[in-house]
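Report on the following structure.
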Amino acid sequence: MTSDTAVLIGQMKIIASLIAIGIFEQRSGLFDDKLINAFSAITSKLILPVMLITLIGSVSRAELIGSWKFFLCSVGFYAITVSVSRLISNLPAIPSGQKGMHTLIMSFGNAGFIGVPLIVSVFGDSAGTAAAAFSFVEATLCWVAGPLIVAGGGRVDLKKLVSPITASILIGAAIVLLNMNFSGNVLWDTMKDVGGTCKYFASIYIGMNIGRMGIKKLGGNLRVFAAAPFKLLVFPVAAYLLFGKTGILTGDTLTMFIVLFATPSGMVLPIVAEMSGLNGEYVSAGCMASTILCLFTIPFVIWLTGII
């Protein structure tokens, strides 16, 4: 994975630069909260879904059907990470009011804004099936199971399964299964070009969001740093040992799996916390800390898994 490490380092430099631009845009006053929220909506409800539709719709039917193993591995390892996170979060060191939120920032990543654009930048259209399988699992668990984890129980709201992410994945899958070919179509090519900007828009939004969160939030929520080593290092390395050393996943598929599980805590998690009537500041601090650290840990994890 040495070559993958070099490519990832280059991509993380680009993402870091875009995050810095986003922070500058927010701190300089060029973007207020209203504009940042609009920027987020455009990215998450238009650019990211369009990227997923065209990315998934460009793979073959055999590749899509063959992604069942990646899908099951994603479900299985998410079950492991959530279970381990809940166990750790129940330790006495974590205050009772923060246990559910601590579980969130240890478990759920930012595949949409960082993971998927990153693997697409490195692996191109071959990342389509991995992006589809993982994004569907993460989006479903985050919006359906996430509020239950924070609230400590309750009823599953199946309406949360319907989102721009899950809808775009199903549309892309339908295009493949129905054997539709839009190659050369001007609308399809335009959609691909729009989707290709996802890494840039998403990274700038992350920077603006970090800017408005403010670094002071970290000072009052230092416990979030206890979650970062598990989310960014322990879990992705464990994924490699469990699925790579056993030969269940290999090659680029294995690398993409590790990268997706090595992403920082998702930027939507504060919304999940607020849906349960809790103050999302603790989760926001966790997202900010892990996002900054992931610029260094993702290439490190790929390098480490290449030598063990």
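Read-outs: derived from the displayed coordinates by stated rules, not from any lab. This structure is a prediction, so every number in the text was calculated from the model and none was measured. All Cβ positions, glycine included, derive from the backbone under ideal geometry; neighbour counts span all protein chains shown.
A few comments on the model shown:
- Over region 212-295: Kirkwood hydrodynamic radius from C-alpha pairwise inverse distances, Å: 13.9
- Relative to one another, the C-alpha centroids of region 223-299 and region 56-81 are positioned 19 Å apart.
- Listed residues Ala130, Phe108, Leu254: farthest to the positive end of the dipole of the chain (Cβ charges): Phe108
- Here the sum of -39500 (n - 2.57) over DSSP H runs of 4 or more residues, divided by the residues of the chain, equals -20000 deg cm²/dmol at 222 nm, to the nearest 500.
- Inverse of mean 1/r across different Cα pairs in region 47-134, Kirkwood, Å: 14.7
- Take the Kirkwood radius over Cα pairs of region 247-308, plug it into Stokes-Einstein at 25 °C and 0.890 mPa s, and you get 186 µm²/s for translational diffusion.
- Take the Kirkwood radius over Cα pairs of the chain, plug it into Stokes-Einstein at 37 °C and 0.692 mPa s, and you get 169 µm²/s for translational diffusion.
- Amide H to amide H, with H built 1.01 Å from N, Gly109 comes under 5 Å of Gly266, counting only residues 5 or more places away or on other chains.
- Trypsin sites (Lys or Arg not before Pro) restricted to region 172-247 and DSSP loop, no more than 16 other C-beta within 10 Å: Lys245
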